[in-house]
Structures are given as structure tokens and as C-alpha cells.
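S.K.: Structure incoming, see below.
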Amino acid sequence: MKGVEESWTNYSSDPMKFKDQKGLREIIHNERLIELTLESQRFWDLRRWKEALRVFNQPITGWNLLYNSADDYYKETFVFSRAFNVRDYFWPIQDAELWRNKNLKQNYGW
């Protein structure tokens, strides 16, 4: 593969995207998304970049499995909703650990 500068200059609809911090960050996020999707690491990466609130609060959609014709089958259909809150970035500390160390405080929201 070519470098970021050459690839984005020659093959992108936005050839100057890599020149500023925001654009380069989007390129890095997209590349990590591609690399980590099939490695079961995307969840942790979205948390690390603090994008989980935006991504995990979108509705889950899929194809309509109840139809036989291609036109009906490939219609995007709502499957379920999920919720990700600010408190979900940090999981609760076990009660036993809180009892053992009185200086510990429970994570926000738990």
C-alpha cells in the first residue's frame, strides 16, 4: 500500500483530508475500524476514542428474513435498540473491593 499522503491525494474525493488534524484523525479511525472489525476489538476501540455513545446508541438494523423475494428481503429493517450511557465507559467496582479499601469510591452512575 502507498502512504497516507499519496493514497489520499490520488484516490480520494477529499485529497487534502490528511493535511489537518481532524481529517487525519478520521482517516486513522476509519483504518482502525477496518482492521479491528473482524478481530473483535472494535468495541474497545470505540470506547478508547470515546465514540461509543454515538455508535452504540444507533438502532440495530438488518435484512427482512421473512420474505422470499429479493426486493422485500433486502429492505433495511429495524431489529432492536440498545443503550450505552456515560456510566458504561467505567464498569462498577466490586463491593468486596470497596469494603476492603475505604478510600475507593464507586464509579460514576453505579
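S.K.: Looking at segment 4-63, which of its residues are under 16 Å from VAL86 (Cα atoms), acidic (Asp, Glu) and in contact with a helix residue (DSSP H, G or I) (Cβ under 7 Å, 6 or more places away or on another chain)? It would help to see each step written out before you state the result.
M.R.: Filtering segment 4-63 for residues under 16 Å from VAL86 (Cα atoms) gives 43-58.
From what's left, acidic (Asp, Glu): 45, 51.
Matches in segment 4-63: ASP45 only.
S.K.: Just one of PHE80, PHE90 is exposed (fewer than 10 other Cβ atoms within 10 Å of the Cβ) and not assigned by TED's automatic domain parsing to the domain that holds VAL4; which is it?
M.R.: Matching residue, one of PHE80, PHE90: PHE80.
S.K.: Name the residue that is nearest to TRP44 (Cα to Cα), counting only residues in segment 57-77 that are of a type in the set (A, V, I, L, M, F, W, C) and either surrounded by fewer than 10 Cβ atoms within 10 Å (Cβ to Cβ) or free of Cβ contacts under 8 Å to residues at least 12 places away in the same chain (or both).
M.R.: Looking at the filtered set, the residue picked out is LEU65.
S.K.: Tally time: how many residues in segment 73-109 are of a type outside the set (Lys, Arg) and more than 20 Å from TRP49 (Cα to Cα)?
M.R.: Qualifying residue count for the region: 21.
Table: residues versus (1) of a type outside the set (Gly, Ala, Ser); (2) under 24 Å from the mean Cα position of the chain (by Cα); (3) in a helix (DSSP H, G or I); (4) within 22 Å of TRP110 (Cα to Cα).
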position	(1), (2), (3), (4)
GLU6	yes, no, yes, no
LYS22	yes, yes, yes, no
ASN30	yes, yes, yes, no
ILE34	yes, yes, yes, no
TRP44	yes, yes, yes, yes
ARG54	yes, yes, yes, yes
THR61	yes, yes, no, no
ASP72	yes, no, yes, no
PRO92	yes, yes, no, yes
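This table checks each residue for (1) among the polar types (S, T, N, Q); (2) more than 17 Å from GLU51 (Cβ to Cβ).
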{"site": "THR9", "(1), (2)": "yes, yes"}
{"site": "SER12", "(1), (2)": "yes, yes"}
{"site": "MET16", "(1), (2)": "no, yes"}
{"site": "LYS19", "(1), (2)": "no, yes"}
{"site": "GLU26", "(1), (2)": "no, no"}
{"site": "GLU31", "(1), (2)": "no, no"}
{"site": "GLU35", "(1), (2)": "no, no"}
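The values are calculated or read from the model by the stated rules, or taken from the named source; none is laboratory data. These numbers come from a predicted model, not from an experiment. Don't worry about glycine lacking a Cβ; one is built from the backbone with ideal geometry, like all the others, and counts go over all protein chains shown.
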